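So the structure is just underneath, and the comments pick up after that.
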Amino acid sequence: MSRKLNFSAGPCAIPLEVLNEMQENMADFQGNGISLVEVSHRHKFYDDVHNSAIALMKELLNVPDNYSILFLGGGATLAFSMIPMNFLTAGKTADYVNSGTWAKKAISDAKKIGNVNVVYDGKDNKYSSLPDASSVTASNDSAYFHFTSNETIGGIQWKEWPKVGDVPLICDMSSDIMSREFDIEKFAMVYGGVQKNLGPAGAAFMIIRNDLLERSPDSLTAYLNYSIHAEKAAMYNTPPVFTIWGVKLFLEWVKRNGGISEMSRLADKKSGLIYDLIDSGDGFYRSPVDSAYRSTMNLVFRLPSEALEAQFVKEASAEGMMFLKGHRSVGGCRASLYNGVPVSSVETLVGFMKEFSKKNG
Ligand SMILES: *Cc1c(COP(=O)(O)O)cnc(C)c1O
């Protein structure tokens, strides 16, 4: 089998070792003669997987005991509405940073639930930059301050966290979780879809400080209430069993391969290979985003013309380098370098980029 080099923005590249482990155990889970996906989610087989996935998140991200870790269906998108439903208490304001496509969706849903204040809007720079971390301020009556650590489509990433004092900080970390070290205690909640950097699609992760859970109103229906999910350790209803199994195996792979500090070193190394080429080149490749906030996960770049961009994507794909087309809303090219993308894939891509610019520059 010849595997493609996967630069997809999501669902993400998953290490071959993890895929093979899933395949080997699919019909006969750990030699038990039955598949994990055909037993009750209350069965010990699944219970062990569920608890291990949570324990690995806790260990790898250094999460203290006063936080609850959940894996729930509905993706990060359902969290866009559940967060204000649970935590935007009556009479208060939720502060949001509008940094691009994903932040905008979170804001749009929150506005349907309650009072929203957009503290920064990147509209004027076409979402190619971010505010200084110490320049943003929360409202006086702020229920929480929400931002997106990495804009997957625009290719911009916060390098420091917003400084908003005691206001609960909530962050959509869908596309850079597990790729950088951070102090979870700066946050009241981090969440995201797992399919960007943690495993196969089908769930979102939430890490929520327990004092925040006290806000969840009793008027919410059960599934929409985070405190009910936390009380039941994310087993209130049938969890996305297959996905959480994949996450567990992916996190074991992260642990075997040096944990988050090594993932972070590799993210810098991989993105550096491409940004160095862009910066040191003759201008054939160009980054449309503010260099202070360039993402280490989703690298957006432009070529001299749209025709050349289309040709680049086509020729790369013919050579097995997949999904390098930028999102339709921003155009250009995008290489996503999540944890599952090996350095060797990036080296191959850089080699191709050099050849392509030589031929077409
Ligand atoms: C992909 C993505 C989402 C949406 O995730 P779903 O799991 O598809 O709902 C939200 N935020 C960011 C930053 C993303 O990259």
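The values are calculated or read from the model by the stated rules, or taken from the named source; none is laboratory data. These figures come from a predicted structure and were not determined experimentally. Cβ coordinates were reconstructed from backbone atoms using ideal geometry, including for glycine residues, and neighbour counts include every protein chain displayed. These accessible areas exclude ligands, DNA and RNA; they are computed on the full protein's heavy atoms, side chains included. Shrake-Rupley method; radii C 1.70, N 1.55, O 1.52, S 1.80 Å.
A few points about this structure:
- Peptides 26-32, 124-130, ordered by how many other C-beta atoms sit within 10 Å of their residues on average, highest first, read 124-130, 26-32.
- Lys, Arg +1 and Asp, Glu -1 on Cβ, resulting dipole of segment 17-256 about Cα centre, debye, nearest 20: 480 debye
- Anisotropy class of the chain from Cα gyration tensor, a/c 1.5 cut: oblate
- Full extension of the chain segment joining Ala292 with Gln30 gains 89.6 nm, where the gain is 0.36 nm per residue of separation less the Cα-Cα distance.
- For the pair Thr101 and Gln23, a Förster radius of 25 Å applied to the C-beta separation gives a FRET efficiency near 0.15, rounded to the nearest 0.05.
- The largest accessible area among Phe87, Phe45, Phe323 belongs to the first residue in Phe323, Phe45, Phe87, and the rest follow in falling order (1.4 Å probe, all chains).
- Among the protein heavy atoms of the chain, carbon and sulfur supply 49% of the accessible surface, probe 1.4 Å, non-protein parts ignored.
- Here r is the Cβ-Cβ distance between Thr238 and Val350 and R0 is 51 Å; the resulting FRET efficiency, rounded to 0.05, is 0.70.
- Estimated FRET transfer efficiency when R0 is 22 angstrom, pair Ala310-Lys4 (beta carbons, to 0.05): 0.70
- Note on segment 244-291: dipole from Cβ charges, positive end direction compared against Asn257, Phe284, Ile274; the farthest Cα belongs to Asn257.
- Stretched out straight at 0.36 nm per residue, the stretch from Asn66 to Lys159 would grow longer than its current Cα-Cα span by 30.9 nm.
- Taking label positions 7 Å along the Cα-Cβ direction at both His43 and Glu185, the computed distance is 4.1 nm, reported to one decimal.
- 3J(HN,Hα) couplings calculated from phi for segment 215-220 with the Karplus curve 6.51 cos²θ - 1.76 cosθ + 1.60 (θ = phi - 60°) are, in sequence order, 7, 4, x, 4, 5, 6 Hz; Gly and Pro show x.
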